[in-house]
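> First, the structure itself, so that you have it in front of you.
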Amino acid sequence: MIELYLIPILLGIVEGLTEFLPVSSTGHLILATELLGFDAQAWAVFNIAIQPGAILAIVVLYWRTFMDVLAGLVRWEPSAVAFTRNLLIAFFPAVILGLAFGDQIDKLLENAVVVAWALIIGGVAILVVEKLAKTSDAGGVAGVPFKTAIGIGLVQCIAMIPGVSRSGATILGAMAMGVDRKTAAEFSFFLALPTLTGATVLQLYKNRDALTADDFGAIAIGFVVSFVVALVVVKAFLKIITRYGFAPFAWYRIVAGAAALVWLANR
């Protein structure tokens, strides 16, 4: 009975802490299940299903932005149309690849070694992009050029490899294409809404026959916990990247990935 509540709470905390940081929430959830001795395969669907909890935190934090966009779409204002267009364009590549290679992606979700290496490689990539990228103020998500939005969507697909980090890939991809840090981060936040919601719906549908009432209870717990934690983390994240950039997250990834490889090799 304790496990029924403890595991969802722990994994919900991990999800809320890592979903919008460039450190890979899925990768951390996989490593957490391995480290704590949980059945990684049994909890794989849960790990995806609780992601909308973190997504809801973005809706709450940016509710005014979304209301302005909705009102703008009714009046067909250029900025609201551009905002919506950019997110839909960036979302489309993930839909195609997710449907085409879903089974192969599911197999990678069981491989903690892949996660560890992806953490290290991603950390190095962050340091390189931080040093070399030349960015300028894009004027918000609506100001991101059409071609750049497509590029961000393609880069996001790399995050289908566990450990790569969806937020990290989209943020750094945007910066590499000249988008400023704040806009890149917010583009990643907003793009999470259709991307993670779609992934959750697909996984729940594919595993509908295996899900029980207890599963939905655990998912509800993880959902709420990830929502509360993400509310706090997103605000702190924007302050950190504004002051220190992404280097702290890069070094964390490298150290965490190396430690995971050592632990996996000697367990």
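The values are calculated or read from the model by the stated rules, or taken from the named source; none is laboratory data. Because the structure is predicted, anything quoted here is derived from the model rather than measured. Cβ atoms come from the backbone with ideal geometry, glycine included; neighbour counts cover every protein chain shown. Just the protein is used for accessible areas: all its heavy atoms, side chains included, with ligands, DNA and RNA removed. Shrake-Rupley method; radii C 1.70, N 1.55, O 1.52, S 1.80 Å.
> Taking the conditions exactly as written (surrounded by fewer than 18 Cβ atoms within 10 Å (Cβ to Cβ) and either at pLDDT 95 or above or aliphatic (A, V, I, L, M) (or both)), does Val81 satisfy them or not?
For Val81, the condition - surrounded by fewer than 18 Cβ atoms within 10 Å (Cβ to Cβ) and either at pLDDT 95 or above or aliphatic (A, V, I, L, M) (or both) - is met.
> Given the residues Pro52, Pro22, which is the only one that is over 15 Å from Leu231 (Cβ atoms), crowded, with 17+ Cβ neighbours inside 10 Å and modelled with pLDDT of 85 or more?
Testing whether each residue is over 15 Å from Leu231 (Cβ atoms), crowded, with 17+ Cβ neighbours inside 10 Å and modelled with pLDDT of 85 or more leaves just Pro22.
> How many of the residues in region 167-185 are charged (D, E, K, R) and over 22 Å from Leu119 (Cα atoms)?
2
For (1) assigned to a helix (DSSP H, G or I); (2) crowded, with 20+ Cβ neighbours inside 10 Å; (3) among the hydrophobic types (A, V, I, L, M, F, W, C), each residue gets a yes or a no:
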residue	(1), (2), (3)
Leu172	yes, yes, yes
Phe187	yes, yes, yes
Leu193	yes, no, yes
Tyr205	yes, no, no
Leu211	no, no, yes
Phe223	yes, yes, yes
Leu231	yes, no, yes
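> Would you say Ile58 is modelled with pLDDT of 90 or more, touching a helix residue (DSSP H, G or I) at 6+ places or on another chain (Cβ under 7 Å) and of a type in the set (Val, Ile, Thr)?
The answer is yes for Ile58.
> Related question: If only one of Asp209, Asp180 is acidic (Asp, Glu), at negative phi, touching a residue at least 24 places away in the same chain (Cβ under 8 Å) and out of contact with any helix residue (DSSP H, G or I) (no Cβ under 7 Å at 6 or more places or on another chain), which one is it?
The match here is Asp180.
For (1) within 18 Å of the chain's Cα centre (by Cα); (2) free of Cβ contacts under 8 Å to residues at least 40 places away in the same chain; (3) part of a helix (DSSP H, G or I), each residue gets a yes or a no:
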{"residue": "Thr26", "(1), (2), (3)": "yes, no, yes"}
{"residue": "Ala32", "(1), (2), (3)": "yes, yes, yes"}
{"residue": "Ala44", "(1), (2), (3)": "yes, no, yes"}
{"residue": "Gly72", "(1), (2), (3)": "no, yes, yes"}
{"residue": "Ser79", "(1), (2), (3)": "no, no, yes"}
{"residue": "Ala90", "(1), (2), (3)": "yes, no, yes"}
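> Answer yes or no: is there a residue in region 241-262 that is of a type in the set (A, V, I, L, M, F, W, C), over 22 Å from Val164 (Cα atoms), open to solvent by 40 Å² or more (accessible area, probe 1.4 Å) and part of a helix (DSSP H, G or I).
Checking region 241-262: not a single residue is of a type in the set (A, V, I, L, M, F, W, C), over 22 Å from Val164 (Cα atoms), open to solvent by 40 Å² or more (accessible area, probe 1.4 Å) and part of a helix (DSSP H, G or I).
> Within region 179-207, which residues are of a type in the set (Val, Ile, Thr) and touching a strand residue (DSSP E or B) at 6+ places or on another chain (Cβ under 9 Å)?
Selection gives Val179 alone.
> Farther than 20 Å from Gly16 by Cα, out of contact with any strand residue (DSSP E or B) (no Cβ under 8 Å at 6 or more places or on another chain) and surrounded by fewer than 24 Cβ atoms within 10 Å (Cβ to Cβ): is that true of Ala176 in this structure?
Yes: the conditions hold for Ala176.
> Looking at (1) modelled with pLDDT of 90 or more; (2) farther than 30 Å from Gly37 by Cβ, can you tell me which one Ala133 breaks?
(1)
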